[in-house]
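Notes to accompany the following structure.
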Amino acid sequence: MTRYATTFLFLAFLAMPLAARAGEADDLQRQIDYLKQTTSDLERMDDQKAVSTDITMMRSWLDSAWTLRSQEKYDEVHIILDRCDAQANMVRQRLTAAKLAAQATAKEDEVKRAKNQLARTKKALENAKIQKARLEGKV
């Protein structure tokens, strides 16, 4: 191998990690953008404002991840993105729990109304029986 070829291969070897790092930065950018979109979607789903604090925290973490990505602190960005992913899963679970709690409350209200209607009907029936007995006794 010539000296030129050896030098070229050595320089190509040194340049490889930089290309890999650039690819990693792009991947991290895509992950951050995906999680930002996820956060927006979760915020739209939060019609009861049950998880607004958690969503705000996620947005703050994603801003930190973006800053660290620009500073090429990729390991720290990975940690934050993992945390954001876990937070998104927790927010989904809390949203589901809040919706189920709202449904349960609505069902409880419906049962309460039905019980009240039943009590009024029973009272009306009892009054009708009393009225019938009075009329039959007087006739």
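With every protein chain left in place, what is the accessible area of Lys112 in Å² (1.4 Å probe, nearest 10)?
Approximately 130 Å² for this residue.
In nm, give the distance between the simple-model label positions of Lys99 and Val111, each being 7 Å from the Cα along the Cα-to-Cβ direction.
In this crude label model, Lys99 to Val111 measures out at 2.2 nm.
Could you pull out every one of the lysines with an alpha carbon less than 16 Å from that of Lys107, ignoring same-chain neighbours closer than 8 positions?
Lys99, Lys115
Keeping all protein chains in position, work out how much accessible area Ser60 exposes to a 1.4 Å probe, and write it in Å² to the nearest 10.
The accessible area of Ser60 comes to roughly 60 Å².
For the range 116-125, just list the computed ³J(HN,Hα) in residue order, Karplus coefficients 6.51, -1.76 and 1.60, θ = phi - 60°, integers in Hz, with x standing in for Gly and Pro.
Each residue's phi maps through the Karplus curve to give 4, 5, 5, 4, 5, 5, 4, 5, 5, 5 Hz.
Pick out, from Ala114, Ser60, Gln93, the residue whose Cα sits farthest towards the positive end of the charge dipole of the range 36-121, with +1 on the Cβ of Lys and Arg and -1 on the Cβ of Asp and Glu.
Final value for the positive-end residue is Ala114.
The values are calculated or read from the model by the stated rules, or taken from the named source; none is laboratory data. Just so it is clear, the structure is predicted and the values come from calculations on it, not from any experiment. Ideal geometry is used to build each Cβ from the backbone, glycine not excepted, and the neighbour counts take in all protein chains shown. Each accessible area value is taken on the protein alone, full model and side chains, heavy atoms only, with ligands, DNA and RNA left out. Shrake-Rupley method; radii C 1.70, N 1.55, O 1.52, S 1.80 Å.
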